[in-house]
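Report on the following structure.
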Amino acid sequence: MPCRLDPPPPLPQPATALPAALGWIDSALDRLDADGLRRQIRIRSGRQGREVELDGRRLLNFGSNDYLGLAGDVRLTRACSKGSCAEGFGAGASPLVSGQSQAHRSLERGIATLLAVDAALTFPSGFAANAATIPAVVGDGDLIASDARNHASIIDGCRLSKARLIVYPHRDVAALEARLTAAGPARRILIVTDSLFSMDGTIAPLADLCDVAARHAAMLMVDEAHATGVFGERGSGLVEASGCSDGVHIRVGTLSKALGTAGGFVAGHASLVSWLAHAARGWVFSTAHPPGVAAAATRAVELLAEEPFRRRELLAKAAAFRERIATTGQATHRRIASDLTSQILPVIVGEPGRAVAAAERLLDAGFFVPAIRPPSVPDGASLLRISLAWHHTDDDLVRLADTLQTVLA
Ligand SMILES: Cc1ncc(COP(=O)(O)O)c(C=O)c1O
């Protein structure tokens, strides 16, 4: 029987009036309310899994990034306990001082082996990995070309770098090439893309991007946050699956999605990793993540090799789900981009209010499928984001497809 925590105390009412200097915040929150963009923080009780308890409601869970069903796996909990027991819970310092422990080193070796590269560096989050790495490899006088739908952490990394920025239309390699040619000379060029786009479920044209990078003597950085663990024979991601390992210079991923733990990593050539250990400020100036978390992530990386059936079955379920929607769910099907082949299925609904209303109807029917609104997606393209996971049964998928059809008809 899994243990349970005591329920948290209720949130207190504000004890004092909002200070005048912060008065703008209430106006900004009111505007979010008026635009249908105010967020509610749902509280989960218990573990992530096929079912999840949110705000006291037990729901079939299509709203986590726990793609392989590892986040609640007791083997990771045990590995975390062992790592914490051996090295304590807190890392106690930044990695260059005394925070980097055996647990971190083992994890970095495990990731490097998984990706078949020289070396890896782990960060407290995937967000930190992107935000710290981009300014470490480009700066003033350099040029970045970034896909228009890249993750916020890439966007922030680009902004922090002070390099000149080209944002090319989503997956449009011809436009990228034209803009790079028009941009003229730069000291260094970085092309950066997600491999599997988290909100669109689309996949970057990695082989073409490698060609463009080679023609422009550019560095190519690929963020595999949602692909790590799911794609590729070894499970390392889409770079492996598309045979592009040689053309991608900087490989980023997270441990917090399919690997069910927490943290981010950057992997590649030994010199790149040595450089980041000097220049990636989010690594140098931040406490290393807890050793127990690193030990759990190391176990999750091992499980990718021991249990390849998880990723194979997940992708087979995703294909079957898409097929069912194509044959029996026209109302849903026409809202899904047609070329998707991943475990992420966005169902475009349009205005934020409509997406929230559709998500509410799904909740009433027992399904958790989050509504995603701007700024996570462009204006007018709010969507229901269905994340499929290994633990979903065939019956779960049939019931979700049929319920979606009713909700969206
Ligand atoms: C493409 C991409 N990169 C990075 C991140 C950040 O990863 P983490 O959640 O480990 O901070 C995310 C998270 O959603 C993501 O979707």
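Can you say whether Ala145 is closer than 26 Å to Asp208 by Cβ, in the same structural domain as Ile189 (by TED's automatic domain parsing) and within 11 Å of the ligand (Cβ to nearest atom), as far as the supplied structure shows? No: the conditions fail for Ala145. Would you confirm whether or not region 187-199 contains a residue that is away from the ligand (no atom under 16 Å from the Cβ), open to solvent by 30 Å² or more (accessible area, probe 1.4 Å) and not small (Gly, Ala, Ser)? The answer is yes; a qualifying residue exists. For region 109-129, the candidate set comprises residues that are over 22 Å from Glu233 (Cβ atoms) and out of contact with any His (no Cβ under 7 Å at 6 or more places or on another chain); within that set, the residue that is farthest from the ligand (Cβ to nearest atom) is Leu121. Only a single item in (1) under 22 Å from Ala280 (Cα atoms); (2) open to solvent by 10 Å² or more (accessible area, probe 1.4 Å); (3) charged (D, E, K, R); (4) more than 16 Å from the ligand (Cβ to nearest atom) is not met by Asp172, and it is number (1). Set side by side, the residues Val222, Val230 differ, and just one is within 16 Å of the ligand (Cβ to nearest atom) and in a loop (DSSP other than H, G, I, E, B), which is Val230. If you go through region 378-396 and keep only what is of a type in the set (A, V, I, L, M, F, W, C) and open to solvent by 10 Å² or more (accessible area, probe 1.4 Å), you end up with Ala381, Trp390. Among the residues of region 97-105, is any free of Cβ contacts under 8 Å to residues at least 40 places away in the same chain and over 27 Å from Leu304 (Cα atoms)? Yes: one or more hits.
Is it true that Ala207 is open to solvent by 10 Å² or more (accessible area, probe 1.4 Å) and either free of Cβ contacts under 8 Å to residues at least 40 places away in the same chain or away from the ligand (no atom under 12 Å from the Cβ) (or both)? Judged against the criteria, Ala207 is a match. From the list Ile336, Ile344, the lone residue that is closer than 16 Å to Asp200 by Cβ and modelled with pLDDT of 90 or more is Ile344. Test Asp55 against the stated conditions and say whether it is surrounded by fewer than 16 Cβ atoms within 10 Å (Cβ to Cβ), over 23 Å from the mean Cα position of the chain (by Cα) and closer than 27 Å to Arg399 by Cβ. For Asp55, the condition - surrounded by fewer than 16 Cβ atoms within 10 Å (Cβ to Cβ), over 23 Å from the mean Cα position of the chain (by Cα) and closer than 27 Å to Arg399 by Cβ - is met.
Across region 318-369, the qualifying residues are those that are part of a helix (DSSP H, G or I) and hydroxyl-bearing (Ser, Thr, Tyr), and the one among them that is surrounded by the most Cβ atoms within 10 Å (Cβ to Cβ) is Thr332.
The residues in region 245-256 that are more than 18 Å from the chain's Cα centre (by Cα) and crowded, with 22+ Cβ neighbours inside 10 Å can be counted, and the count is 1.
Annotation: of all residues in region 233-243 being surrounded by 24 or more Cβ atoms within 10 Å (Cβ to Cβ) and in a loop (DSSP other than H, G, I, E, B), the one that is farthest from the ligand (Cβ to nearest atom) is Gly235.
The residue list Ser271, Ser286 contains one member that is farther than 30 Å from Thr403 by Cα, without any contact (Cβ under 8 Å) to a residue 40 or more places away in the chain and open to solvent by 30 Å² or more (accessible area, probe 1.4 Å), which is Ser271.
Consider region 148-159 and keep the residues that are assigned to a helix (DSSP H, G or I) and within 14 Å of the ligand (Cβ to nearest atom). The one that is surrounded by the fewest Cβ atoms within 10 Å (Cβ to Cβ) is Ala152. Residue-level check: of (1) open to solvent by less than 30 Å² (accessible area, probe 1.4 Å); (2) under 26 Å from Pro375 (Cβ atoms), Ala183 misses just (2).
The values are calculated or read from the model by the stated rules, or taken from the named source; none is laboratory data. As the structure is a computational prediction, the values presented were derived from the model and not from experiment. Reconstructed Cβ throughout: ideal geometry from the backbone, glycine too, with neighbour counts over all protein chains shown. SASA here: full protein model, heavy atoms, side chains in, ligands and nucleic acids out. Shrake-Rupley method; radii C 1.70, N 1.55, O 1.52, S 1.80 Å.
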